[in-house]
Amino acid sequence: MILFDLSRLVSRAGRGTPTGIDRVELAYAEHLIASKHPLCFTLMTPFGFGGVSRAQAHAYLEHLAWAWRHSDSLQQINRAKRLARKLQAAALCRGQRALLRQPRSETGVVYMLVSHHHLEKRRAIARLKRQAAARFVCLIHDLIPIEFPEYALPGQNERHRRRIESAAALADAVIVNSTVTRDGFVPYLVRAGRTPPVLVAPFGADLTPALPAVSPPVRPPYFVCIGTIEARKNHLLLLNLWRQLATELGEAAPRLVLVGQRGWETESAIDMLERCPALRGFVFERSDVPDGEAARLVQGAQALLLPSFAEGFGFPLIEALALGVPVLCSNLAALRENGGDVPEYLDPLDGFAWRRAITDYALPASPRRAAQLDRLSRWTSPTWQVHFAAVEALIAEVQSVGQYEAEHSTAAGPKGPRSWFDDRRTAAIR
């Protein structure tokens, strides 16, 4: 049986558009619902874990997915919020006993947490593992708050450190989205003296090609940048660059579309968006954009721009490439891992290099853009099908370990024999 944690997805009710982590968690929930696994859902409450009915969870997920993918209407968002409140109330009333009363399958219980939500609550997770005799599988998205605390909210670095340490101490298997994330996580396993399997499984692209529009969504040529407006995403570089282009080129300057909500500690970028006269008519801010509109914006762009200072995976990169759109992005290891030799990689501090690339890509017959399109024709997009095939194999391995240890627990004591992974696995880290 899979015990899937919906806590973060329920906390996101009311949001018009999902973040990257939201997309991943929704993809997992929908995959598990469609799979043959016996499936239960849980939420973290102020008093620990609580069970929720499958029917309630399904109804909430359907409305949330519709609101994110097809419409940002207030009616859909409010409906999702009402269903989320019902789920929270049900989890609080039913408590953890509801989970423990669930019929057990022959393969045992696997508790899955695929966001960082409450991962730092080590005692609660350890208690659930013990009482439900569950194996724990978690997903680590990145270590950015630890490695780059200047881009996180105050105190978030220590909180995220506790999350990563909890995963290292308790997880029976770990999923990561890139070798960059794996390499950052492995030292925590070494310090914890544990060797659970770590699966590197890139995420699939979510945006699907949109129907052709009668007219372009923005006057061409234009570029698009997708992501929460925050310091880590380096929007300020683009805004300063566009102020120069608009001042020097006038109406001949390309346009820029920023797709994403406003984040934290971005006063300089927000001040420019709201008060810089030179940007008016050249830079457009779009928030709460459903997937269909986001795909249409990307498809019509000269290139996607991603000048981030740090990334754990880079959803916008693979989504743009999957739609056949060139990418100009920062020279980061995680982006190189996913983009290969297709995008053009630039120093996020080199404004002159970004300007040269953008002005060239804006040309009707750009040789640099044509060269990237040629490279892109040979690129293969990661898919959710491949991702979940690897995850299913990992779950099966975790369940087989649980069965082995359960069968030998009587003879070997309450903790079981020496880890089956130590005896049977050919490599602790994949």
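Bear in mind these aren't lab numbers, they're just calculated from the coordinates by the rules spelled out. Everything quoted here is computed from the prediction, not taken from an experiment. A quick note on method: Cβ atoms are made from the backbone with ideal geometry, for glycine too, and the neighbour counts reach across all protein chains shown.
Details
- For the chain, projected area of the alpha-carbon convex hull averaged over all directions, nm²: 21.6
- Rg to Rh quotient for region 191-244, alpha carbon positions, Kirkwood Rh: 1.20
- FRET efficiency estimate (nearest 0.05) - Cβ-Cβ, residue 349 to residue 264, R0 25 angstrom: 0.70
- For the chain, the relative contact order works out to 15 percent when only alpha carbon pairs closer than 8 Å and six or more residues apart are counted.
- As a ratio to 2.2 N^0.38 Å, the alpha-carbon radius of gyration computed for region 221-308 takes the value 1.02.
- As a length-normalised measure over Cα pairs under 8 Å and 6 or more apart, the relative contact order of region 222-376 settles at 23 percent.
- In nm, spacing of pseudo-spin labels at residue 356 and residue 148 (7 Å Cα→C-beta vector): 2.4
- Relative contact order (%) - criterion: Cα under 8 Å, at least six apart; region: region 214-287: 40
- Pairwise Cα distances in region 222-376 exceed 27 Å for 14 percent of all pairs.
- Three principal axis lengths of region 157-290 [C-alpha, angstrom, descending]: 61, 36, 23
- Of the trypsin sites (Lys or Arg not before Pro) found in region 182-280, the ones in coil according to DSSP and having at most 11 other Cβ atoms within 10 Å of their Cβ are 280.
- DSSP bridge orientation in the chain - percent antiparallel, rounded to nearest 5: 10
- Gap separating the Cα centres of region 18-39 and region 257-278, nearest whole Å: 33
- Filter on 86/129; 36/129; 86/233 - keep pairs with C-alpha separation over 28 Å: 86/233
- Label-to-label distance, nm, for residues given as residue 400 and residue 35 (7 Å Cα→Cβ offset): 1.6
- Secondary-structure-derived ellipticity at 222 nm for the chain, considering helices only, amounts to -15000 deg cm²/dmol, per-run term -39500 (n - 2.57) for DSSP H runs with n ≥ 4.
- When the chain is treated as a GNM with alpha-carbon contacts under 10 Å, the residue of 193, 340, 351 showing the greatest mean-square fluctuation is 193.
- Estimated FRET transfer efficiency (residue 280, residue 378; beta-carbon r; R0 35 Å; 0.05): 0.30
- Extension gain (nm, one decimal) between residue 123 and residue 288, 0.36 nm per residue minus Cα-Cα: 55.7 nm
- In this structure, the amide hydrogen of residue 178, modeled 1.01 Å from its nitrogen in the peptide plane, lies closer than 5 angstrom to those of 201, counting only residues at least 5 positions away or on a different chain.
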